[in-house]
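We did not get these values from a lab; they are worked out from the coordinates using the rules stated. Keep in mind that what you see is a predicted model, and the values were worked out from it rather than measured. All Cβ positions, even for glycine, are placed from backbone atoms using ideal geometry, and neighbour counts span all protein chains on display.
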Amino acid sequence: MKIAVIGTGYVGLVSGTCFAAWGHEVVCVDKNVEKIDSLERGIVPIYEPGLDELVERHSAAGRLSFTCNLAEALKGASVVFIAVGTPPRAGHGDADLSFVYMAARELAPLIDDDTVVVVKSTVPVGTGDVVQKIIASVREMGTFSVASNPEFLREGVAIRDFLEPDRVVIGVEDERGRKVLMELYGASLDARITPIVVTQRRTSELIKYASNAFLATKITFINELADLCEQVGSNVSELALGMGLDKRIGTSFLNAGPGYGGSCFPKDTMALLRTAQDYGVAVRIVEETVTANEARKRRMALKVVDALDGDVQGRTIAVLGLTFKPDTDDMRDAPSVPLIETLQRFGATIRAHDPVGMDNASRILTDVEFFDDAYECARNADAVVVITEWASIRKLDLARLKETMRHAVLVDLRNAFDHGFAEKIGFRVSAIGRSTTTRYDTSTSAPLSLPLGRTAKDNHKEIAGGSNDNL
Ligand SMILES: NC(=O)c1ccc[n+]([C@@H]2O[C@H](COP(=O)([O-])OP(=O)(O)OC[C@H]3O[C@@H](n4cnc5c(N)ncnc54)[C@H](O)[C@@H]3O)[C@@H](O)[C@H]2O)c1
């Protein structure tokens, strides 16, 4: 089958490459000339484990190619996937569909008869109807199909998620769409392992938002329980395990942390709320999830302030991990950004390390010194804050890290380290969902005191009155 994929971002590039791995002839098209140039030279412009090798292998086999020329990509294609971005509209929170509609307008006069146009981008209910109208304005109805096939891959494990998904969701309005997509997925996936859910287009569009909103709610639930654990002296990791082993609950998405971020959950929960609002329906749980998560991300800075006895003015803080999660270079809506910016507003100097995200981070953050080496990053720091639990960060030698620091304070927002050990070697530890150390190690460091004129309360007040810009 010849397949065209419009948009070679995290989803388009992985999907196109995996379709090629299934033996199809795939052309990936993007407007970004730099991206296409780089892909044509065999350089993958994003960090996704295993993707370089797959792109190289299937390009070399002649099954996978890249172009900026849409007409060339669409020639002879029986399926066209739209995998362009749907970012939040500034100041509104709903999905910006201009890239999807632009792609539909551009492909409409170029597709062959009987082509199935599949929206893979995450789009609000009814977007497929609009895409169909756009194409129908230049082509006769019945000579093409528009289907929905939302993508559920996770950055960092995207290839495995694509090749071995929990399920595939297909939203179709005609037999041609159903037949072609069933052929595409059914031929490569074992139906006994991977169910293919075939629904109406509108239901398929909503399944994606409902899934992401549910997962965001699950994370937020455990985060709020983590706060309770800190107050009552319980341990949230043990709590999550005790809950999660109940099969009805499940252990995944029960890792308490600094609040969810990334390119999907924040924007998709907001977009779902906008859809619900438009239709006069209240989805209060999702509303509360969004509010609680935003407040949490801001509050994480206070955790750092508290760990430094109430003030970070003039303090040096080493941040380990910047991307919104490990194994990606994606900085979209990463919790590290509001945390660092808040600490900077409070007068802290920030040094930062991330295994792959520093290039992208340096385009967003200002006045941050970046270090390739985590130990160098921690040199003379008053505290180390772990925001993203990369394997290389988890493996750091805490004793060596402590030696380089001015004060042995560890704020572990991912519970990435063995806190008992950290405390044993003299760290003062602040973690998530565990009662924090009150003891302060004086052997390595001068006492931490509040500078005159600023109190811990001042900082709390400033945060509490912070803007809701991220919502
Ligand atoms: N990133 C994820 O983990 C993930 C997971 C599941 C679903 N999604 C959804 O998939 C969609 C794509 O996300 P992404 O992260 O891959 O986006 P992205 O921003 O990484 O990539 C989008 C690409 O589309 C290109 N593009 C835009 N308009 C175009 C046009 N008219 N013609 C050709 N190329 C065009 C852009 O240049 C860009 O390279 C979004 O709707 C997103 O919500 C993302």
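Only lysine pairs 8 or more places apart, or on different chains, with alpha-carbon atoms under 24 angstrom apart are counted in the stretch 228-355, and they number 4. When every Cα-Cα distance of the stretch 200-471 is counted in 5 angstrom steps from zero, the calculated P(r) takes the values 1, 6, 12, 16, 19, 17, 13, 8, 4, 2, 1, 0, 0, 0 percent.
Look at the alpha carbon pairs under 8 Å that are at least 6 residues apart: their mean separation over the length of the chain gives a relative contact order of 12 percent.
Compactness check for the chain: Cα Rg over 2.2 N^0.38 Å is 1.06. Taking the Kirkwood radius as Rh and the Cα radius of gyration as Rg, the stretch 261-320 has a ratio of Rg/Rh equal to 1.20. Can you give me the Rg/Rh ratio for the stretch 161-285, using Cα atoms for both radii and the Kirkwood formula for Rh? Computed over Cα atoms, the ratio is 1.06. What is the distance in Å between the Cα centroid of the stretch 134-179 and that of the stretch 29-70? Going from one Cα centre to the other spans 22 Å.
Shown for TRP390, TRP22: other C-beta atoms within 10 Å of each C-beta, ranked fewest to most, produce the order TRP22, TRP390. Stokes-Einstein at 25 °C, 0.890 mPa s, Kirkwood radius from Cα pairs: D for the stretch 325-370 in µm² s⁻¹? Answer, rounded: 225 µm²/s. Amide H contacts under 5 Å for THR349: GLY314, ARG315, THR316, ILE317, restricted to partners 5 or more places along the chain or on a different chain, H placed in the peptide plane at 1.01 Å from N. Diffusion coefficient (Stokes-Einstein, Kirkwood radius over C-alpha pairs, 37 °C, 0.692 mPa s) for the stretch 222-307: 224 µm²/s, rounded to a whole number.
Per-residue Cβ neighbour counts within 10 Å put PHE152, PHE144, PHE421 in the sequence PHE421, PHE152, PHE144, beginning with the fewest. With the cut-off at 1.5 for a/c, could you classify the stretch 2-198 from its C-alpha gyration tensor as rounded, prolate or oblate? Since a/c stays below 1.5, the shape of the stretch 2-198 is classed as rounded. Peptide packing: for 5-11, 121-127, 398-404, the average count of neighbouring Cβ atoms within 10 Å per residue gives the ranking 5-11, 121-127, 398-404, highest mean first. Can you list the residues of the stretch 296-332 with backbone N under 20 Å from a point 7 Å past the Cα of ILE43, pointing along Cα to Cβ? Residues passing the 20 Å test: 328-331. Here, the stretch 1-82 has an Rg and a Dmax of 11.0, 31 Å when only alpha carbons are counted. Packing order of peptides 88-95, 261-268, highest average first: 261-268, 88-95 (average count of other Cβ atoms within 10 Å over each peptide's residues). The number of Lys pairs in the stretch 2-198 with C-alpha atoms less than 19 Å apart, excluding pairs fewer than 8 positions apart on the same chain, is 7. Seen against the Cα atoms of the chain and their longest principal axis, helix 284-307 is set at about 40 degrees.
Rounded to the nearest 10 degrees, the inclination of helix 51-60 to the longest alpha-carbon principal axis of the chain is 30 degrees.
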